[in-house]
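The structure appears right after this line, and notes come after that.
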Amino acid sequence: MEKLRRVLSGQDDEEQGLTAQVLDASSLSFSTRLKWFVICFVAGVFFSILGTGLLWLPGGIKLFAVFYTLGNLAALASTCFLMGPVKQLKKMFETTRLLATIVMLLCLVFTLCAAFWWKKKVLALLFCILQFLSMTWYSLSYIPYARDAVLKCCSSILN
């Protein structure tokens, strides 16, 4: 359990730089990090469900895009409480997650652009679907061999 705490709080055996040491010195306790992780994650799920419910209202595509995107951002931010923001950003842009991170962030931005500036409802829905898929693919990158398992399942279904 202690090893899990050290890894999740960013205090694993790796040598830390000056910035990481400063952030570590003022970091939250493990229980506080865990509480805020749960709060952010639940808020993210709530906003995503709320946005989906607002989709069916007249002119609800804008509200849907905002709340769905806000929900995904809150869910993504929740992991910052477990790892810390610096470590989260480093892990997001590792080579194994780089493509998934870029696609996910672009989909977040393009969803809002499609809803507000381009005023294309179908395009906003498409970007929300791509948001979901890219967020799922990004999340699977943290589970060992999960992406390989998903690819094998999809290829066996298609064959």
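The values are calculated or read from the model by the stated rules, or taken from the named source; none is laboratory data. Just so we're clear, the structure is a prediction, and the values are computed from it rather than from any experiment. Every residue, glycine among them, receives a Cβ derived from its backbone with ideal geometry; neighbour counts consider all protein chains shown. The area values use the complete protein model at the heavy-atom level, side chains included, leaving out ligands, DNA and RNA. Shrake-Rupley method; radii C 1.70, N 1.55, O 1.52, S 1.80 Å.
Could you check, for the stretch 128-151, whether at least one of its residues is among the charged types (D, E, K, R) and touching a Ser or Thr at 6+ places or on another chain (Cβ under 7 Å)? Step through it out loud before you land on a result.
Here is the first cut: in the stretch 128-151, the ones among the charged types (D, E, K, R) are 147-148.
Next cut, touching a Ser or Thr at 6+ places or on another chain (Cβ under 7 Å) only: 147.
Yes, there is a match, as at least one residue in the stretch 128-151 is among the charged types (D, E, K, R) and touching a Ser or Thr at 6+ places or on another chain (Cβ under 7 Å).
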Look through the stretch 29-45, keep the residues that are under 17 Å from residue 136 (Cα atoms) and either among the acidic types (Asp, Glu) or open to solvent by 80 Å² or more (accessible area, probe 1.4 Å) (or both), and return whichever of them is nearest to the chain's Cα centre (by Cα). 41
